[in-house]
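Notes for the one structure printed next.
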Amino acid sequence: MNAELDGQIALVTGGNRGIGLGIAEDLARAGARVAIVARAADRAMQAAAALPGSRHAGFACDVTDANAVDRVVKETEQTLGPIQILVNNAGITDDNLLVRISDEAWDRVLDTNLKGAFHFIRTVSRGMMRRRSGRIINITSIVGLIGNKGQANYAASKAGLIGLTKSVAKELASRNVLCNAVAPGFIETEMTALLGPAAREALAGQVALGRLGTAADVAAVVRFLAGPGSAYITGQVIVVDGGLVI
């Protein structure tokens, strides 16, 4: 195993599947001890138990609940140690045309994707500031940069996450806490696996590299931002989209 992050404690929200799981696996391979946070405890613990290495943990948490976030951060630090790397990956979609998006659907997406990240940043950053060290990495989306039909709520949440990233970076820089965002494009997920060959080919045809990305493509950038090579990078949005929005 690569020891680039040896002994560091990382917390990954939405880390039980898809991009989040790929990130958790890569951080673990780099030597980090990882706390996977998911809505269901059994899924979080199963994912953590399957990570490379040892001494990982899984916790259940509703990221929209500030008290639950405070609790899971405390439990993580009691179990593994002070959190040095925070990856805000938890996110949902509830797509519809703008005029058909209900208030409930708007609030549900914004509360999970944006407020959830705010909750974890607010809680975790306190310890990072005291220790004068920390990495916060927010998983946004190219949709937050360019928008998308039928995803006004999702695009707003991801654009908001970019603004949050830049504000946090400016506010915490004096304490040596770095905050960056990663914006994936079309990534192979459980949802894209259900698409037929023609639909997948159409998606890939929009990408300069001619293929969909993988969770590993995103995870590699997250690991870089969590590691020593990114010590002079903060407030940035790194697009991982194969050239989709050149």
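Taken over region 39-55, residues that are under 16 Å from T76 (Cβ atoms), in contact with a helix residue (DSSP H, G or I) (Cβ under 7 Å, 6 or more places away or on another chain) and not in a helix (DSSP H, G or I) amount to 1.
Can you pull out every residue in region 194-225 that is under 30 Å from R33 (Cα atoms), over 13 Å from the mean Cα position of the chain (by Cα) and free of Cβ contacts under 8 Å to residues at least 40 places away in the same chain? Matches in region 194-225: L212, G213, D217, F224.
R43 falls short on exactly one of the conditions (1) buried (at least 24 other Cβ atoms within 10 Å of the Cβ); (2) under 28 Å from A155 (Cα atoms), and that condition is (1). Count of region 1-29 residues, restricted to those that are hydrophobic (A, V, I, L, M, F, W, C) and either out of contact with any strand residue (DSSP E or B) (no Cβ under 9 Å at 6 or more places or on another chain) or free of Cβ contacts under 8 Å to residues at least 24 places away in the same chain (or both), is 2. Total residues in region 58-88 satisfying the condition of being touching a residue at least 60 places away in the same chain (Cβ under 8 Å) and part of a loop (DSSP other than H, G, I, E, B): the figure is 5. Of all residues in region 188-246 being among the basic types (K, R) and assigned to a helix (DSSP H, G or I), which is surrounded by the most Cβ atoms within 10 Å (Cβ to Cβ)? Among residues in region 188-246 that are among the basic types (K, R) and assigned to a helix (DSSP H, G or I), the one surrounded by the most Cβ atoms within 10 Å (Cβ to Cβ) is R223.
So which of A30, A48, A68 ends up being touching a Phe, Trp or Tyr at 6+ places or on another chain (Cβ under 9 Å) and at pLDDT 95 or above? Only one candidate qualifies: A48.
For (1) out of contact with any helix residue (DSSP H, G or I) (no Cβ under 6 Å at 6 or more places or on another chain); (2) under 21 Å from T93 (Cα atoms); (3) at pLDDT 95 or above, each residue gets a yes or a no:
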| residue | (1), (2), (3) |
| --- | --- |
| A202 | yes, no, no |
| V207 | yes, no, yes |
| T214 | yes, yes, yes |
| V218 | no, yes, yes |
| R223 | no, no, yes |
| G227 | yes, no, yes |
| G235 | no, no, yes |
| V240 | no, yes, yes |
| I246 | yes, no, no |
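Here V99 passes the criteria (1) hydrophobic (A, V, I, L, M, F, W, C); (2) out of contact with any Phe, Trp or Tyr (no Cβ under 8 Å at 6 or more places or on another chain); (3) touching a residue at least 12 places away in the same chain (Cβ under 8 Å) except the one numbered (3).
Can you report the number of residues in region 149-180 which are of a type in the set (S, T, N, Q), buried (at least 19 other Cβ atoms within 10 Å of the Cβ) and in contact with a strand residue (DSSP E or B) (Cβ under 9 Å, 6 or more places away or on another chain)?
Total satisfying the criteria: 4.
Against the list (1) modelled with pLDDT of 95 or more; (2) part of a helix (DSSP H, G or I), the condition A181 fails is (2).
Applying the selection to region 89-148, what residues are part of a loop (DSSP other than H, G, I, E, B), among the hydrophobic types (A, V, I, L, M, F, W, C), in contact with a Ser or Thr (Cβ under 9 Å, 6 or more places away or on another chain) and surrounded by fewer than 20 Cβ atoms within 10 Å (Cβ to Cβ)?
I92 - this is the single residue of region 89-148 that is part of a loop (DSSP other than H, G, I, E, B), among the hydrophobic types (A, V, I, L, M, F, W, C), in contact with a Ser or Thr (Cβ under 9 Å, 6 or more places away or on another chain) and surrounded by fewer than 20 Cβ atoms within 10 Å (Cβ to Cβ).
The values are calculated or read from the model by the stated rules, or taken from the named source; none is laboratory data. This structure is a prediction, so every number in the text was calculated from the model and none was measured. Neighbour counts run over all protein chains shown; Cβ positions are idealised from the backbone, glycine included.
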